[in-house]
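The values are calculated or read from the model by the stated rules, or taken from the named source; none is laboratory data. Remember, predicted model here, so these are calculated numbers, not experimental data. All Cβ positions, even for glycine, are placed from backbone atoms using ideal geometry, and neighbour counts span all protein chains on display. Keep in mind that these areas ignore ligands, DNA and RNA; they rest on the heavy atoms of the full protein, side chains included. Shrake-Rupley method; radii C 1.70, N 1.55, O 1.52, S 1.80 Å.
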Amino acid sequence: MAKIRLAVLVSGGGTNLQAIIDACAAGQIEAEIALVLSSRSKAFALQRAEKAGIQTVVCSPRHYNNTQQYSRAVSAELDKQEIDLIILAGFMSIFSSEFIAKYRNRIMNTHPSLLPSFGGRGCYGKRVHQQVLDYGVKISGATIMFVSEDIDTGPIILQEAVAVAEDETLESLQQKVLRLEHKLYPQAISLFAADRLQIRGRRVHILPAKTKS
Ligand code: GAR
């Protein structure tokens with residue numbers, strides 16, 4: 001089976017990118033990362049990609065007048081590489097609805113809470129964990145989803161919970177959830193690569209593994 005071609009889009013530290021690089025190298029995912037695109041030139045994720053010998057490009061929204069122009073510039077980079085699946089991994093820019101429609105059900109994102117709780121505009125990274133702690137919920141978790149036009153509302157692929165401990169801090173919760181994301185994201189990509197994700201309305205059904213004949 002031919003490997004699918006991934007583009008991983010990043011803006012920060014890139015621990016999820018690293019988990020995906022490692023899972024590809026270990027043969028856990030039938031995929032190759034053809035491109036890492038960063039919205040920030042100083043993102044540490046770029047160093048991780050370069051170390052793994054992956055092609056990188058920086059595409060900053062600051063160089064474009066609006067979301068539509070930025071989305072078209074990113075799309076041009078992706079199309080040069082004939083990308084099958086776009087992975088948002090701590091990518092902090094927004095795309096136009098034209099972009100989302102063009103790659104419908106071919107863009108995945110990870111979010112560090114159990115959506116639909118603690119998601120939406122302005123709710124990302126550490127802010128999510130602060131809101132979880134402030135609200136006092138007893139469980140949080142990670143969500144891997146397909147991207148749709150509205151932020152954090154796309155069909156959910158995988159989700160798993162962690163307990164919020166009595167002495168939980170923002171940092172300890174962030175680390176717990178990141179560990180979960182590092183497990184779930186490669187799993188979701190692997191299911192996509194094996195053509196085992198079937199979307200019906202909002203629900204993503206996970207099909208049984210195909211038996212090799
Ligand atoms: C991850 O926890 C991811 O869920 C979050 O940013 C972090 C990136 O970490 N994304 C969002 O909050 C998007 N709404 P990483 O750069 O180490 O992979």
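One line per residue, one yes/no per condition, for (1) within 19 Å of Q18 (Cα to Cα); (2) surrounded by 13 or more Cβ atoms within 10 Å (Cβ to Cβ); (3) at pLDDT 95 or above:
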site: E171; (1), (2), (3): no, no, yes
site: S190; (1), (2), (3): yes, yes, yes
site: A194; (1), (2), (3): no, yes, yes
site: I206; (1), (2), (3): no, yes, yes
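For segment 23-33, the set of residues classified as surrounded by fewer than 20 Cβ atoms within 10 Å (Cβ to Cβ) and either of a type in the set (K, R) or under 10 Å from L6 (Cα atoms) (or both) consists of E32 only.
Which residue out of A43, A76, A52 is more than 14 Å from the ligand (Cβ to nearest atom), over 16 Å from I107 (Cα atoms) and of a type in the set (G, A, S)?
After ruling out the rest, the residue left standing is A52.
Quick one: in segment 82-99, which of the residues that are away from the ligand (no atom under 15 Å from the Cβ) and buried (at least 16 other Cβ atoms within 10 Å of the Cβ) is farthest from S39 (Cα to Cα)? Top of the filtered list is D84. The set of residues in segment 120-142 being in contact with an Asp or Glu (Cβ under 8 Å, 6 or more places away or on another chain) and more than 8 Å from the ligand (Cβ to nearest atom) consists of G120, L133, G141. Scan segment 100-119 for residues that are within 16 Å of the ligand (Cβ to nearest atom) and open to solvent by less than 20 Å² (accessible area, probe 1.4 Å) and jot them down. Answer for segment 100-119, where residues must be within 16 Å of the ligand (Cβ to nearest atom) and open to solvent by less than 20 Å² (accessible area, probe 1.4 Å): I100, I107, M108, T110, H111, P112, S113, L115. Here is the figure for segment 134-164: residues that are hydroxyl-bearing (S, T, Y) and under 16 Å from V177 (Cβ atoms) total 3.
Of all residues in segment 168-188, those that are closer than 11 Å to I144 by Cα and within 12 Å of the ligand (Cβ to nearest atom) have Cβ atoms under 7 Å from Cβ atoms of residues that are β-branched (V, I, T) and not in a helix (DSSP H, G or I), 6 or more apart or on another chain, in L180/V162; E181/T110; L184/I144; Y185/T110; Y185/I144.
Residue-by-condition table, conditions (1) modelled with pLDDT under 95; (2) open to solvent by less than 60 Å² (accessible area, probe 1.4 Å); (3) among the charged types (D, E, K, R):
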residue	(1), (2), (3)
V128	no, yes, no
P155	no, yes, no
Q159	no, no, no
E168	no, yes, yes
Q174	no, yes, no
K183	no, no, yes
P186	no, yes, no
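Of the residues A52, A26, the single one that is without any contact (Cβ under 8 Å) to a residue 24 or more places away in the chain and among the aliphatic types (A, V, I, L, M) is A26. Listed by first and then second residue, the pairs linking a residue in segment 81-99 that is modelled with pLDDT of 95 or more and part of a strand (DSSP E or B) to a residue that is open to solvent by 20 Å² or more (accessible area, probe 1.4 Å) and within 16 Å of the ligand (Cβ to nearest atom), with Cβ atoms under 7 Å apart and 6 or more places separating them unless they lie on different chains, are L88/N109; L88/V147. Checking S60, S75, S38 one by one, the residue that is polar (S, T, N, Q) and crowded, with 20+ Cβ neighbours inside 10 Å is S38 and no other.
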